[in-house]
Amino acid sequence: MEKSKVCLSVLIYSVLAVSVLILPGAVMAATYFQDDFNSYTTNAALWAVWPKANLNELFLAEGASGGGVEGDYSLAENADWQLNSLFGNRTNPPTRDGSPSSGQSIACDSDKAGSGDGDNYNMGYAITSPAFSTTGAGSVFLHFSCDATLNEPDGTCFEVYASNDNGTTWTMVFQRINPGRWRYDPPLPTTDNADGIYGVVDLNITAVAANKSQVKVRFICRGNSDGWFTLIDDVVVDNIDLENAGTTVLLPTETFSSVPDGQIPAGWTRQSGCDENPWQVGDLTRYYTNSDVGGVWDRSINRLDTKFAIFDSDKDPDSCPDNEFLVTPAINTTGVTLVYLIFDSEIVQNAAANERVEVSTDNGTTWRAQLPGLTRANQKRVMKPIICAM
């Protein structure tokens, strides 16, 4: 990696493998709803199908703990959900291979908005899908591409709700919270919901949406005073469990919790440009908390945890070249046709730094990038299908 002031922490959760995409005993694939937003050329056309709402139209009794929303923005605020190409024009959210989705996407872009929320961190916007039927479905899963870049120091939240009665009642099925929200009102960040997400989200909404005739999904962004942006694309509801597609664990889950600071797990290796500041577990300066009040400070996904692998170029001598790699043990994928790598990461970079995930099929002799050019901060649970593992 080219020299830059970069703080990078990675938590590798697991590598899962399956021999076929649909697990044994699963019913044939069925799609109940999908929208890639490419058929809309105006916001009016989008809102005619996906009605938008300011959150004064939604109520505290929306279902899940911490899920209530209230209030409204001023008329000057224009961060409501709309076509990304018409307002914001950000790079589309990533697909499963890390590349941007094509065509249109939708955005809640407070960074480009005309005014703030007056420090009311429950204010925000919602956009709701049309109703669709899952009649006969025993399992229902929601998938969508997402780039939720949640600004620090705001108390920004991104939430997903589902309804099985045409929108009369709602249940929260997903929530991400900027760590800076610990300063403000609940809901508060935890290790399960902290910070944004950059990747494809796969949610099991069976408990809410299975075998119902009038199902809807709703995306909400709130606490958005210059809260940056959330992008959504390629929304699909089907009966395929892509979150837990694996049947065999090829690499045991590594949480780094038992590894001493300054070291790496047994069986792992590291390569360093000058061996003065290689990948290591822990950060001796402990950037992950605010020492004054005990809350999390700055964009920090793994900093709610006390153990993670990190490469921090700010601790390098400036003359030291940053070519730093952390390598898992070799994994045998004989007889396996689909392999998943699942990990948590935080990437903070500048200049011309290039963070990437590479894979080797010859025990490390040669490598090819599987997730090249990772540039978004606060990546959470990037799941990438890989043809073969290391």
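Structural remarks
- Filtering the stretch 94-125 to residues that are modelled with pLDDT of 90 or more and in contact with a strand residue (DSSP E or B) (Cβ under 7 Å, 6 or more places away or on another chain) leaves 94, 95, 100, 101, 104, 105, 106, 107, 108.
- Within the stretch 41-57, none of the residues are part of a loop (DSSP other than H, G, I, E, B), at pLDDT below 60 and either under 20 Å from residue 175 (Cβ atoms) or among the hydroxyl-bearing types (Ser, Thr, Tyr) (or both).
- Positions within the stretch 355-387 being more than 15 Å from residue 149 (Cα to Cα), modelled with pLDDT under 75 and part of a loop (DSSP other than H, G, I, E, B), in sequence order: 387
- Tallying residues that are at pLDDT below 95 and of a type in the set (D, E, K, R) within the stretch 228-245 yields 2.
- The set of residues in the stretch 144-196 that are crowded, with 23+ Cβ neighbours inside 10 Å and among the acidic types (Asp, Glu) comprises 147, 154, 159, 195.
- Scanning the stretch 262-289 for residues that are within 27 Å of the chain's Cα centre (by Cα), assigned to a loop (DSSP other than H, G, I, E, B) and at pLDDT 80 or above gives 264, 265, 268, 278, 279.
- Some residue of the stretch 303-323 being surrounded by fewer than 18 Cβ atoms within 10 Å (Cβ to Cβ), assigned to a strand (DSSP E or B) and modelled with pLDDT under 80: no
The values are calculated or read from the model by the stated rules, or taken from the named source; none is laboratory data. As the structure is a computational prediction, the values presented were derived from the model and not from experiment. Cβ sites come from the backbone with ideal geometry, for glycine too, and all protein chains shown count toward neighbours.
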